[in-house]
Amino acid sequence: YKQKRKANILITQRNEQLGQLVKEKEWLVKEVHHRVKNNLQMVISLLNSQSAYLDDDAAVLAITDSQRRMHAMSLIHHRLYQSENVSVIDMRAYIDELINYLKDIYDTGAGIRFELGIQQVNLDVSQAVPVGLILNEVITNSIKYAFVNKSNGLIRVSLQAPDSHHLNLTVSDNGMGLPKSFDVFASKSLGMSLITGLVSQLEGTVEFRNEAGLKMTMIFPYEKNVMDMKTKTVA
């Protein structure tokens, strides 16, 4: 009986030690996300200060685009720092926050409406960051170019899991669409290069087509069971 009691005490002590180590690890991970977010915000501020001294419109635009991209990443690290779960991102909440940010900086007002169809999906940082950057590029492109001389703009954003192994991300607008002769993948713009590179990083596929406006459809691998396990482990 004494040996069993002693063994139980040792097991309890070991579990307490492991629990403390887990808490310390989570705190360290949160601190990393916090510092990354702060560093990104500092770079954004420095770029903003630098742009005040530039007379070249193209250079100012390049800096503004860079600030947008960094803010899209900063939002992810900010959410991870605030969340109880430091392993995954709630994409519904993140996408909503990203769109509100873009609506604010481009002052879309009542001229452009957004319709969201975001399934409750959790992604880890390795997927959430490229997805966020892709959304940033495509939505910004629609806001800036799709609705020239047109009111009642509509942008639809959808993230759905057709099965437990893939996610389907679509962004569509009711704007002008692309010229018939325009080849998206032949474009040498930085935005398009980023999108194709990030889709490749996600091991996904992407398609752009005119459909009462422009529609982007991206499909990429997603292991629902793995993400659910990460969520439950922390919870």
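So that you can scan it fast, the table gives a plain yes or no per residue for (1) surrounded by 13 or more Cβ atoms within 10 Å (Cβ to Cβ); (2) under 17 Å from the mean Cα position of the chain (by Cα); (3) in a loop (DSSP other than H, G, I, E, B):
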| site | (1), (2), (3) |
| --- | --- |
| Gly191 | yes, yes, no |
| Leu194 | yes, yes, no |
| Leu198 | yes, yes, no |
| Glu203 | no, yes, yes |
| Val206 | yes, yes, no |
| Ala212 | no, no, yes |
| Met216 | yes, yes, no |
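The condition of being closer than 19 Å to Val199 by Cα and either in contact with an Asp or Glu (Cβ under 8 Å, 6 or more places away or on another chain) or of a type in the set (A, V, I, L, M, F, W, C) (or both) holds for only one of Leu116, Leu135, Leu102, that being Leu135. With respect to the conditions (1) without any contact (Cβ under 8 Å) to a residue 40 or more places away in the chain; (2) surrounded by fewer than 20 Cβ atoms within 10 Å (Cβ to Cβ); (3) small (Gly, Ala, Ser), Ser151 falls short on a single one, namely (1). Against the list (1) assigned by TED's automatic domain parsing to the domain that holds Ser172; (2) surrounded by 16 or more Cβ atoms within 10 Å (Cβ to Cβ); (3) of a type in the set (S, T, N, Q), the condition Asn100 fails is (2).
Of the residues making up the range 55-94, those that are loosely packed, with under 13 Cβ neighbours inside 10 Å and not in a helix (DSSP H, G or I) are Asp55, Asp56, Glu84.
Cβ-Cβ distances below 7 Å connect the following pairs, each with a first residue in the range 164-179 that is buried (at least 16 other Cβ atoms within 10 Å of the Cβ), a second residue that is assigned to a strand (DSSP E or B) and of a type in the set (Gly, Ala, Ser), and a separation of six or more residues or different chains: Leu167/Ala161; Thr170/Ser158; Asp173/Gly153; Asn174/Gly153; Gly175/Gly153.
Taking first residues from the range 74-97 that are within 23 Å of Leu116 (Cα to Cα) and partners that are part of a loop (DSSP other than H, G, I, E, B), the Cβ contacts under 6 Å between residues at least 6 apart in sequence or on separate chains come to Leu80/Val86; Met91/Val121; Arg92/Gln120. Checking Ile99, Ile105, Ile95, Ile118 one by one, the residue that is within 27 Å of Gly175 (Cα to Cα) and out of contact with any strand residue (DSSP E or B) (no Cβ under 9 Å at 6 or more places or on another chain) is Ile105 and no other.
For Val131, the conditions (1) at pLDDT 90 or above; (2) among the β-branched types (Val, Ile, Thr); (3) surrounded by fewer than 22 Cβ atoms within 10 Å (Cβ to Cβ) are fulfilled apart from (3). Inspect all residues belonging to the range 84-100 and state whether any of them is at pLDDT below 80, of a type in the set (S, T, N, Q) and out of contact with any Leu (no Cβ under 6 Å at 6 or more places or on another chain). Yes: one or more hits. Yes or no: the range 136-145 includes at least one residue that is in contact (Cβ under 8 Å) with a residue 40 or more places away in the chain, more than 15 Å from the chain's Cα centre (by Cα) and assigned to a strand (DSSP E or B). No, the conditions are met nowhere in the range 136-145.
The values are calculated or read from the model by the stated rules, or taken from the named source; none is laboratory data. As the structure is a prediction and not an experimental result, all values here were calculated from the model. Glycine gets a Cβ as well: all are built from the backbone with ideal geometry, and neighbour counts include every protein chain shown.
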